[in-house]
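Structure incoming, see below.
Where a number appears in this text, it was derived from the coordinates with a stated rule and is not lab data. Here the structure is a predicted model, which is why all the values come from computation and not from measurement. Here Cβ is always computed from backbone atoms with ideal geometry, including for glycine, and neighbour counts include all displayed protein chains.
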Amino acid sequence: MALLKREEWYDLTRTTNWSVKYVQEDEMFPEEMSGSRGIPAEVWETYDEPYKVSYPEYVSIQREKDSGAYSVKAALERDAFVDRADPGWVSTMIAHYGAIALAEYAASTAEGRMARFAKAPGNRNMAVFGMMDENRHAQIQLFFPHANIKRNRQWDWAHRAYHTNSWASIAARSFFDDIMMTRDAVSVSIMLTFGFETGFTNMQFLGLAADAAEAGDHTFASLISSVQTDESRHAQQGGPSLKILIANGKKEEAQTMVDAAIWRAWKLFSVLTGPILDYYTPLEARKQSFKEFMEEWIVAQFERQLLDLGLDKPWYWDEFIRALDETHHGMHLGVWYWRPTVWWNPAAGVTPAEREWLEEKYPGWNETWGQCWDVIVENLQDGKPELTGPETLPTICNMSNIPIVGTPGNGWNVKDYPLEYEGRLYHFGSEPDRWCFQIDPDRYKGHMNFIDRFLSGEIQPPDLAGGLSYMGLRPGEMGDDAHGYAWVEAYSQKIDDVA
Ligand SMILES: [Fe+2]
Ligand SMILES: [Fe+2]
């Protein structure tokens, strides 16, 4: 029997809208779930997904991908790379799995919303595959770290992180809940797949895969590049939605969703991916700096895509580009300093050789961030490690849920962007963070960041120990310096060399 080519039947078979008789259209597609914004179903039927695949094709591709990644894992298991890997690299993996694995599972639900409620048949069809994508790579990112739990309990945070109130989990949940769990199908396609998956997952999965290959970690490299092949396909669901909104007089709303999603994603990645790429990854394995990755994967890519679609660059673009030199250095310093509060061991990444690299990539680093690290180094050399740990809590932004930071030294520029709303005073780390809140105050006004919870008495006893127990961090899980402070010796060495 002759088979038709896919392009001869695809459009027809996935055109699955029909006129409903026993219910009203808005009962079948409630506006709060579908988000059709008054645009008629016939228009949504013109949604043209750029990536077309049939179910049998999908299954066979996914099977190949899984067997590829699992066989690399099986083949290299005896090699026990993790046991001889640089501790900074191990921390990279542990931080990644905790921050990402369960968010993938949640993303499956977000895809499910589009699969059921999108009025565009093309979006529904792609989202079914997207749902299976997220499920596949949630499973694989839980299975791989599971093999390492025998080495260290921190690996268990791949599964545990999102079930706790660790500050990093609160920040990640707040972002993902906002863009993917609590929005209508059209907003999800724009904020999750276009705003977040187009650029940021590329950076996390391809940027890290490049470093992993350089570090000799072929298991992790093959795993995360396998994940990204899923992402890059289902990330294409947002573009056609944007085209429809723009063509139907909804450009401003589309632009606002894109701007908010990109800004919130950037802030989360400044604390997760920034420190990983510029500090935890061993120097010789660094392909590019975080800023260079951001410029390539986010700045250039979004500028091109936004203009192609007929949207504008986000209004805060200059501020965003400026922040690429600043925010993640502050986040790294903060995460290292408050290291007992994370489920991985932060690598300081500031030996003299690493500082040279940082100075080259970020001119002025030594004069600013370097001064703070000088004090830490001095205290460690003087045998006073207790002076390098936290006694107080930082001020945390009510949008990003991460500390409000600025550049130290002579250019000290830290600033709070406050806002009073319905009698409550909110603090934001930047103008765009405050703007995100102002778009839809009712959405955000009830959220309590870690400091709010502390001040309201929810965290008992109100000290560091109470905070750690509230965050669910148990002995053997709280972070400490990845290299056991051995890196400080490089400084004494330097002094000896001079002498
Ligand atoms: Fe995913
Ligand atoms: Fe995804």
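Hey, what did the chain get for relative contact order, percent, Cα under 8 Å, at least 6 apart?
Relative contact order here is 16 percent.
Return the FRET efficiency for the residue pair LEU419, ALA2: r is the Cβ-Cβ distance, R0 is 51 Å, and the value is rounded to the nearest 0.05. Could the numbers behind the result be given before it?
Numbers: r = 66 Å, r/R0 = 1.29.
That gives a FRET efficiency of 0.20.
For a distance above 22 Å, tell me the whole-number percent of Cα pairs in segment 37-192 that qualify. Numbers along the way, then the final one.
Working: 6287 of 12090 pairs.
So the pairs more than 22 Å apart make up 52 percent of the total in segment 37-192.
What are the ³J(HN,Hα) values, in whole Hz, obtained from phi via the Karplus relation 6.51 cos²θ - 1.76 cosθ + 1.60 with θ = phi - 60°, for each residue of segment 469-485 in sequence order, with x given for Gly and Pro?
Using θ = phi - 60°, the values come out as 6, 4, 7, x, 8, 9, x, x, 10, 4, x, 9, 3, 4, 9, x, 6 Hz.
Can you give me the Cα centroid spacing of segment 135-171 and segment 421-469 in angstrom?
Using only Cα atoms, the two centres lie 25 Å from each other.
Still on this model: Taking the highest mean first, how do the peptides 289-300, 154-165 order by number of other beta carbon atoms within 10 angstrom per residue?
Details: 289-300: 19.4, 154-165: 21.5.
The densest-packed peptide leads the list: 154-165, 289-300.
Tell me, what is the FRET efficiency for ALA486 and ASN366 to the nearest 0.05, using R0 = 30 angstrom and their Cβ-Cβ distance as r?
Calculated transfer efficiency: 0.85.
With the crude spin-label approximation of a point 7 Å out along Cα→Cβ, what separation in nm comes out for GLU32 versus ASP312?
Result for the modelled spin labels: 3.3 nm.
Follow-up question, since we're still on this one. Measure off 7 Å from each Cα along the Cα-to-Cβ vector at THR395 and GLU378, then give the distance between these two points in nanometres to one decimal.
Result for the modelled spin labels: 2.6 nm.
Hey, could you grab the Kirkwood Rh for the chain? Inverse mean 1/r over distinct alpha carbon pairs, Å, one decimal. Show your work: numbers first, answer last.
Numbers: mean 1/r = 0.0417 Å⁻¹.
Value: 24.0 Å, from the Cα pair sum.
Helix 55-76 against the longest principal axis of the chain: what's the angle in degrees, Cα atoms only, rounded to the nearest 10?
Around 20 degrees separate the two axes.
Can you pick out the pairs among LYS52/LYS267; LYS251/LYS291; LYS73/LYS150 whose Cα atoms lie more than 23 Å from each other?
LYS52/LYS267; LYS251/LYS291
I would also like to ask the following. Going by average Cβ neighbours within 10 Å, how do the peptides 187-193, 37-43, 266-272 rank, with the highest at the top? The partial results should precede the final answer.
Numbers: 187-193: 28.1, 37-43: 13.3, 266-272: 24.6.
Peptide ranking by packing, descending: 187-193, 266-272, 37-43.
If you find the alpha carbon centre of segment 72-88 and of segment 89-113, how far apart are they in angstrom?
Measuring centre to centre over Cα atoms gives 21 Å.
Using +1 on the beta carbon of Lys and Arg, -1 on that of Asp and Glu, and nothing else charged, what's the dipole of segment 55-480 about the Cα centre, debye to 20? Don't skip to the end; give the middle numbers.
Values: 39 positive and 58 negative charges, 288 e Å.
With only Lys, Arg, Asp and Glu charged at Cβ, the dipole is about 1380 debye.
Round to the nearest 10 and give me the degree value, 0 to 90, for the angle of helix 352-361's Cα axis relative to the longest principal axis of the chain.
Rounded to the nearest ten degrees, it is 40.
Using helices alone, what [θ] at 222 nm do you get for the chain, with -39,500 (n - 2.57) per DSSP H run of 4 or more residues, divided over all residues and rounded to the nearest 500?
Roughly -16000 deg cm²/dmol at 222 nm, from the helical runs in the chain.
Calculate the spin-label point distance for ASN165 paired with ARG153, positioning each point 7 Å from the Cα along the beta-carbon direction, and give it in nanometres.
About 2.0 nm, to one decimal.
Show me the GluC sites (Glu not before Pro) within segment 92-135 that DSSP assigns to loop and that have at most 14 other Cβ atoms within 10 Å of their Cβ.
Details: sites: GLU104, GLU111, GLU134; in loops: none.
Passing both the DSSP loop test and the Cβ count: no residue.
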